[in-house]
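Engineer: Before I ask anything, here is the structure I am working with.
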Amino acid sequence: ASAERRVYKIASIPADGIGPEVISAGITVLQTLSKALGTFDLAIEHFDWSSATYLKTGKYIPDGGHEKLKQFDAILFGAVGAPNVPDHISLWGLRLAICQPFQQYANVRPTRVLRGTQSPLRNCKTGDLDWVIVRENSEGEYAGQGGRSHAGQPWEVATELAIFTRHAVERLLRFAFETARSRPRKLLTFVTKSNAQRNGMVLWDEVCEIVAREFPDVKLDKMLVDAMTVRMVLKPESLDTIVATNLHADILSDLAAALAGSIGIAPTSNLDPTRKNPSMFEPIHGSAFDIAGKGIANPVATFWTAAEMLAWLGEKDAAAALMECVERVCERGITTPDLGGTATTVAVTDAVCQEIEREF
Ligand code: ATP
Ligand code: MG
C-alpha cells in the first residue's frame, strides 16, 4: 500500500492572532491522521506572512510569493487582521490577494450541529441544521470598485460599486447546483434581493433560470435575503444547500456558524473549481485578538477546515474519519469555553489525536 501513498504539498499561512495557535493544532491532527491511516503524506511548508511582517516590510506577500504558492496542492490559512492595521488593508493585503489572482471563485461554508454540541436554537438537534452555503467569492459587493470625492466636506460622496458579470454568476451558480446535487436532499435555496437591487440581482435571477435547466433533479427554492435570516432561525431543517452573493452569503454564513453553536467550529473553503490554481482552506473566524495567546481558541474550526481540504484533495475517507474523531471528542465534553467547556486548545487537540490513534 505504501507504493500508492499520495503526497500533498501544503502551504501553511497561520498569519495573525489565534491563527498560529489553531493552525499548529490543525497540523498536529493532520500529521497524526496521516501516520495512523498510512494512505497519504503531507509535505508542509510554512510562510510567515502576517500583519507583523507587513508592518516591518510594507508587504503582506513578498515579491514572487504568488509564483511560490502556485506550486502547492492546497493552502491552509489561519486568520488575518491586527489591532494596529486597518481591517480593509489586512483583508485585501493577504486573504483577498490570494483569493482573487487564484480565481478561488467559490467560497464553500458547511455548517451543522456537531454531535456533542448545542445550537442556541431551542429544539434544534444534530441533523436538524445541516447546510452548505456557497458564496460568490470573486466580485459582487466586494469587488473593490468605487471611490471618494470631496474628502471631509459635508457633501463628501463615497461609492461602493457592486459588480456582477454573467460569466462569474453563471460559473458560481453551476458550482452551487453541483454542490446541491452531490447532497442527499438535492435542494438548492437561491438567495437574492432582486426586489430592491434591480440590476445585479435580476441578472442573478435570469442566469439561475438558465442554469437550473441543466439540473432538473435539483429542487430550486428562491428567497429574499431578509426573509432568509428569519427562515434560518425558525426553520433550519427546511434548508440544505444555499447560494448567495459575496456580501449576502458573508452575513448569512456568520449567522449560520452562530446557529450551529459557535463561530469557533466552522470552516471555509476558497475553491478554484477548475483546479488550475491551489485552493485555500481556513476557519471562518478571524484573528480574535481578545483571546490570542490565552490557549483557549477553539481548534475545531481548523480541524473541520483540514477535513474539507483532505476531501478536496481526494481523501474523502480520511476527511470523514477526522470529523468522526472530532465529534466523539465533543461528545465526551472535551470542548473550549466558546462551546461551554473548560478545555484548552492543546487539550482538545490531544484528545482528537488520541481518538485517531485509538481508532486506526
Ligand atoms: P477579524 O478582524 O480577524 O475578523 P474579529 O475579532 O473581528 O477578527 P473574530 O476573530 O471572528 O472577529 O472574533 C469574533 C469573536 O468570536 C471574538 O470574541 C472571538 O473571541 C470569538 N472567536 C473567534 N474565533 C474563535 C475560536 N476559534 N475560539 C473561540 N472563540 C473564537
Ligand atoms: Mg471580523
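Read the figures in this text as sums done on the coordinates, not as results from a lab. Just so it is clear, the structure is predicted and the values come from calculations on it, not from any experiment. Note that each Cβ is placed from the backbone with ideal geometry, even for glycine, and that neighbours are counted across all protein chains shown.
Engineer: Considering segment 194-288, what Rg and Dmax in Å follow from its alpha-carbon atoms?
Structural biologist: My reading of the Cα-based Rg and Dmax gives 15.3, 43 Å.
Engineer: Starting at the first residue of segment 244-259, write each ³J(HN,Hα) from the Karplus equation 6.51 cos²θ - 1.76 cosθ + 1.60 with θ = phi - 60°, in whole Hz, x for Gly and Pro.
Structural biologist: 7, 5, 3, 5, 4, 6, 4, 6, 4, 6, 5, 4, 4, 4, 5, 5
Engineer: When the dipole is taken about the Cα centre of the chain, and only Lys, Arg (+1) and Asp, Glu (-1) are charged at their Cβ, what size is it in debye, to the nearest 20?
Structural biologist: Computed about the Cα centre, the dipole is about 420 debye.
Engineer: Rank Phe289, Val218, His150 by how far each Cα sits towards the positive end of the charge dipole of the chain (+1 on Lys, Arg Cβ; -1 on Asp, Glu Cβ) and give me just the farthest.
Structural biologist: Val218
Engineer: Rounded to two decimals, what ratio of Rg to Rh does segment 81-239 give with C-alpha atoms and a Kirkwood Rh?
Structural biologist: 1.02
Engineer: Between Arg198, Arg171, Arg231, which gets the highest mean-square fluctuation from a Gaussian network model of the chain, Cα cutoff 10 Å?
Structural biologist: Result: Arg198 has the largest fluctuation of those listed.
Engineer: Restricting to the chain, what percent of DSSP beta bridges are antiparallel, rounded to 5?
Structural biologist: Rounded to the nearest five, the antiparallel share is 40 percent.
Engineer: Largest first and to the nearest Å, give the Cα extent of segment 261-337 along each principal axis.
Structural biologist: 39, 28, 19
Engineer: Also: For Asp317 and Arg115, what is the calculated FRET efficiency with R₀ set at 22 Å and r taken between the beta-carbons, to the nearest 0.05?
Structural biologist: Once the sixth-power term is evaluated, E becomes 0.70.
Engineer: What is the diffusion coefficient of segment 236-298 in µm²/s, taking the Kirkwood radius over Cα pairs and the Stokes-Einstein relation at 10 °C with a viscosity of 1.306 mPa s?
Structural biologist: 115
Engineer: Still on this model: Just want the ordering: Arg213, Arg185, from fewest to most Cβ atoms lying within 10 Å of their own Cβ.
Structural biologist: Final ranking by Cβ density, sparse to dense: Arg213, Arg185.
Engineer: Using Cα-only point scatterers and the Debye equation, what is log10 of I(q)/I(0) for segment 117-176 at each q in 0.15, 0.22 Å⁻¹, rounded to two decimals?
Structural biologist: -0.70, -0.87
Engineer: For Gln354 and His167 in one chain, what is 0.36 nm times their gap in residues minus the Cα-Cα distance, to one decimal in nm?
Structural biologist: Contour length minus Cα-Cα distance gives 62.6 nm.
Engineer: Would you be so kind as to identify which of Leu310, Val132, Pro278 lies farthest towards the positive end of the dipole of the chain, taking Lys and Arg as +1 and Asp and Glu as -1 on Cβ and the Cα centre as origin?
Structural biologist: Val132
Engineer: Ok, one more. Normalised radius of gyration for the chain, please: alpha carbon Rg relative to 2.2 N^0.38 Å, two decimal places.
Structural biologist: Normalised Rg, Cα atoms only: 0.99.
Engineer: Given H placed 1.01 Å from N in the peptide plane, which residues other than close sequence neighbours of Ser279 have an amide H under 5 Å from its amide H?
Structural biologist: So Ser279 has HN proximity to Ile75, Asp272.
Engineer: Also, I was wondering about something else. Between segment 54-110 and segment 191-224, what is the separation of their alpha carbon centroids in Å?
Structural biologist: Here the two parts' Cα centres lie 31 Å apart.
Engineer: Just Lys125, Lys56, Lys276 to compare: in a GNM of the chain, with alpha carbon springs under 10 Å, which one fluctuates most?
Structural biologist: Lys56
Engineer: Next question, about the same structure. Kindly state, as a whole number, the per residue volume in cubic angstrom of the convex hull around the alpha carbon atoms of segment 33-174.
Structural biologist: 241
Engineer: Take the chain, connect every pair of alpha-carbon atoms lying under 10 Å apart with a spring to form a Gaussian network, then pick out the residue of Ala227, Ala180, Ala321 with the largest mean-square fluctuation.
Structural biologist: Its mean-square fluctuation being the largest, the pick is Ala227.
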